[in-house]
Each structure stands twice: as C-alpha cells, then as structure tokens.
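These notes are about the structure you will find just below.
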Amino acid sequence: MLSTKTIVDFQDLIKTRDFGALREQIKNWSAGDVADLMEPLPADQEAVVFRLLPREQAAAVFSYLSDERQEELLKAMAHEEVASILNAMSPDDRTSLLEELPANVIQHMLNLLSPTERAVAAQLLGYAEDSVGRLMTPDFVRIRAPWTVSYALDHIRRYGVDSETMSMIYVIDEDGKLIDDLRIRQILLASPDAHVSDLMDSRFVSLKATDNRETAVQIFRDADLIALPVTDTANALIGIVTVDDILDVAEEEATEDIQKMGGSEALDEPYMKIAITSMVRKRATWLVILFVSEMLTATAMGSFENEIAKAVVLSIFVPLVISSGGNSGSQASTLIIRAMALGEVRLKDWWRVMRREILSGLSLGTILGVIGFIRISAWALLFKSYGPHWFLLALTVGIALVGIVLWGSLSGSMLPFLLRRFGLDPATSSAPFVATLVDVSGLIIYFSVASFILHGTLL
C-alpha cells in the first residue's frame with residue numbers, strides 16, 4: 001500500500017509533466033499499486049503514464065485495471081502499443097479482456113497478435129463462456145518422471161521464465177497425460193541425483209477444460225492450492241488455472257447470487273455502468289411477478305371477509321403474523337442458498353435440513369408466539385384493549401405465530417432444494433419471493449386458527 005506522500009508526489013509529477021522522474025518512481029512499484037493510481041486519471045493522462053512503463057510491467061498493470069478503463073486505454077493508444085500490450089499479457093487475462101468486447105473488436109484485437117499468441121487466444125475463446133477453458137493459461141512448466149532432479153531443475157530454469165506460477169510443477173508421461181503434480185519445494189530440497197519418480201505419489205487434483213467455473217471454485221476451495229492443472233477429455237495436460245482467476249469468479253458468482261436473492265435478475269455490468277433501461281428491465285421482471293403474487297394476499301383476505309367483519313380486531317394483527325412468517329422464510333432461504341453455494345448442503349441432505357428446520361421453526365415460532373401473547377395480554381390488562389375476549393385473541397395470535405413461522409421456515413428451506421432438483425438456480429428463490437409465498441399461506445393459517453379458537457365468541 002502506497003503512502004499518502006507517495007500518491008501526492010505521483011500526482012505532482014504528472015501535473016508538472018516530469019516524466020523522467022515519474023518513470024524512475026514507478027518502475028519498482030507493484031502492478032496493483034500503479035493500477036490503483038491510474039484508475040482516477042483522465043484517459044489521456046492514463047495513456048501517458050502507461051507509455052512510461054516497461055513492456056512487461058505495462059501488461060501486468062493493464063490486467064489490474066477495470067474492464068471500462070482497459071477499453072478506454074486501448075482506444076487512447078496506437079495500434080503498435082496495443083499489440084505490444086496484448087502480446088505481453090498472460091493468456092487468461094487477455095481472454096478475460098477479449099470476451100467482454102464486441103465480436104468485431106475481438107477480431108481486430110486478434111489480428112494484432114503474433115501468430116503464436118493468436119492461436120492461443122483463439123483456442124481459449126473457443127471454449128464455452130462459463131467453462132474452465134476460458135480461465136486457463138498454457139504458460140506452465142511440465143517435467144517427466146524418468147528425469148533426474150538436476151535435469152528437471154535445468155529444464156525449469158530454461159522454460160519457467162514465462163510460467164504463470166512456479167509453485168507447482170506438473171509431471172506428464174510420454175503421451176502428454178498428467179500423472180502427478182509436485183510442489184517446487186519438493187524438487188528444490190531433493191537430491192540432485194534423485195529421479196522425479198522418487199518424489200511422486202500419483203495423487204493430484206485436476207480440472208477439465210469443459211468444467212463449469214462454479215465447479216472449479218469448489219474444487220479450489222477443497223484442494224487449498226494456488227494453481228490447478230487443466231486436462232482435456234483424454235487427460236492430456238493443456239493448461240493451468242491460478243487462484244487469482246478463481247477469486248474473480250467466486251466474486252462474480254457471489255454478486256450474482258446476492259442480486260438474485262434480492263429479487264432481481266443478475267446485472268451483466270457494474271451498477272454504475274449499466275444502462276438505466278437495462279437495470280429497469282432486470283428489476284421489473286421480478287417486481288411484476290411479486291406484485292401479481294401479492295394479489296393472492298388480497299384474494300386470501302377476501303375469502304375471510306365474514307370473519308374480519310365480525311371481529312375487526314383480527315385485522316390489526318395481520319401485518320404482525322404474516323411478516324413474521326415471511327421473515328422466517330427469508331432467513332431459512334438465505335441460509336440454505338448460501339450453504340449450497342459453499343458446498344455445505346447437497347441435494348441428498350433435504351431430509352436432514354427439513355428435520356432441522358422443523359425444530360428451528362417450532363422454537364422460533366414459540367418464542368414469537370409467547371412474545372405476541374404477552375404483548376396482547378399486557379395491553380388488555382393495562383389499557384383495557386381488545387375487549388372481553390382478549391385472552392382468546394392472544395391465544396389465537398400466539399398459536400398462529402407458531403404455525404406460520406414453522407411453515408415459513410419449511411417453505412424457505414425446501415424451495416431451494418426443489419429448484420436445484422429441476423436444474424434451476426436456487427438463488428432465484430429470493431427472500432422477497434419466499435416472503436410473498438408465506439404471506440398468502442400465513443393468512444390462511446391465521447384465520448383458520450382464529451375460526452377454531454374464537455368460534456362461538458367473536459366469530
């Protein structure tokens with residue numbers, strides 16, 4: 001993290017256009033720090049600073065910039081400079097940039113690449129958009145089992161310069177198939193005369209190029225490694241995926257789930273960048289669905305019109321009881337969706353989850369029911385509210401809350417399982433959707449309990 005004084009000096013050098021001093025100051029900074037300082041700059045100043053960077057540092061800094069700033073910078077620079085950046089970028093970062101651009105721009109960018117880099121870029125772009133193949137890089141070091149450690153180290157020194165990471169070294173057979181992975185530490189500490197096969201245990205974790213990105217996130221979490229090998233359908237080693245790319249995917253997936261759980265379609269762009277019309281369209285769909293669903297609430301209340309006419313006091317507690325059910329359902333839904341995303345809960349666990357939510361729902365409902373009973377009783381005794389049948393009214397609200405909260409917990413927890421069973425995203429069982437569902441059923445439970453307990457008195 002750069003100090004405030006360093007940041008001020010950087011800004012002063014830009015204002016005074018002292019590019020010589022600026023070049024000397026930033027050449028030893030990390031790529032992330034330079035990118036952070038460049039983000040707020042106007043496009044023309046950003047381009048000037050960028051031209052001062054050595055080629056390799058420029059490519060690294062470029063990968064840290066936001067998608068929007070990357071596009072602005074490319075437009076502000078000459079074709080030769082753009083070509084230099086694209087050729088120097090790591091294949092996975094370059095793929096991430098290209099896949100965000102329109103098709104005609106992608107083709108233009110590909111034409112700026114060298115034949116070798118163009119072939120790599122085209123191969124990565126050929127994989128499905130949400131696949132691991134789009135994330136992998138072909139820049140890694142592979143060795144063979146019969147080699148001595150001394151020979152393997154010489155090979156690593158020769159070909160490891162452009163490797164994405166040197167923490168893991170991969171062992172392949174004569175057909176190029178992955179047979180093991182070794183930490184670089186194992187090789188460095190081994191005897192130079194030992195063979196690579198002596199260090200192997202034939203236990204490794206790998207990804208398929210066709211795997212979904214979400215699958216890769218889970219595998220990375222379980223493997224606890226900073227890089228994983230990627231193989232094709234024949235188990236041939238074709239690339240690696242590093243944890244920095246997986247962290248980006250995890251952030252995107254979490255953002256998408258949160259937006260869906262909030263009752264909206266996932267936004268394709270950052271909030272401040274997406275067009276108002278697109279955002280309205282994505283939010284309107286669910287709002288309309290929820291609005292139409294809430295109409296069922298009015299229909300449910302209409303079916304109990306006679307009970308409400310006889311005991312208007314029942315309507316006072318309608319918001320209290322149905323909101324409690326909606327809140328409990330939203331809680332359960334959110335907990336289960338997140339547990340599914342983390343791999344803590346699987347489809348086969350539905351019965352265990354149901355048992356837990358029955359116990360939780362009964363406990364939570366009893367707590368709220370007792371509080372509701374005490375509240376109505378206290379107001380009746382202190383302020384003579386609710387008439388002579390206040391005890392039965394308090395009992396009605398208390399028992400209804402137990403049933404409604406129990407039903408809300410069960411509905412909220414089981415709906416994600418139902419959606420997952422039919423191949424849908426559990427995150428679409430958003431909190432507003434569950435709350436709306438429980439509102440309707442909560443009214444039926446409330447007035448049914450009231451009809452039973454208050455029959456012959458208020459009803």
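Observations, loosely collected:
- Output for region 304-358, where each listed residue is acidic (Asp, Glu), farther than 18 Å from Phe422 by Cα and surrounded by 14 or more Cβ atoms within 10 Å (Cβ to Cβ): Glu307, Glu357
- Qualifying residue in region 428-444 (condition: of a type in the set (A, V, I, L, M, F, W, C) and modelled with pLDDT of 90 or more): no
- Being surrounded by 16 or more Cβ atoms within 10 Å (Cβ to Cβ) and of a type in the set (Lys, Arg) is true of Lys260.
- Qualifying position, being touching a residue at least 40 places away in the same chain (Cβ under 8 Å), within 31 Å of the chain's Cα centre (by Cα) and buried (at least 19 other Cβ atoms within 10 Å of the Cβ), among Leu225, Leu178, Leu199, Leu182: Leu178
- Test: Asp44 is of a type in the set (D, E, K, R) and free of Cβ contacts under 8 Å to residues at least 60 places away in the same chain: yes
- Thr210 being over 18 Å from Thr233 (Cα atoms) and touching a residue at least 60 places away in the same chain (Cβ under 8 Å): no
- Residues in region 125-145 that are among the hydrophobic types (A, V, I, L, M, F, W, C) and modelled with pLDDT of 80 or more: Ala128, Val132, Leu135, Met136, Phe140, Val141, Ile143, Ala145.
- Test: Leu393 is out of contact with any Pro (no Cβ under 8 Å at 6 or more places or on another chain), more than 15 Å from Ser324 (Cβ to Cβ), in the same structural domain as Pro426 (by TED's automatic domain parsing) and buried (at least 19 other Cβ atoms within 10 Å of the Cβ): yes
- Note on region 138-156: residues that are farther than 10 Å from Ile187 by Cα and in a helix (DSSP H, G or I) amount to 4.
- Of the residues in region 280-292, not one is over 24 Å from Leu437 (Cα atoms) and basic (Lys, Arg).
The values are calculated or read from the model by the stated rules, or taken from the named source; none is laboratory data. Bear in mind the structure is a predicted one, so any value in this text is a computation, not a measurement. Here Cβ is always computed from backbone atoms with ideal geometry, including for glycine, and neighbour counts include all displayed protein chains.
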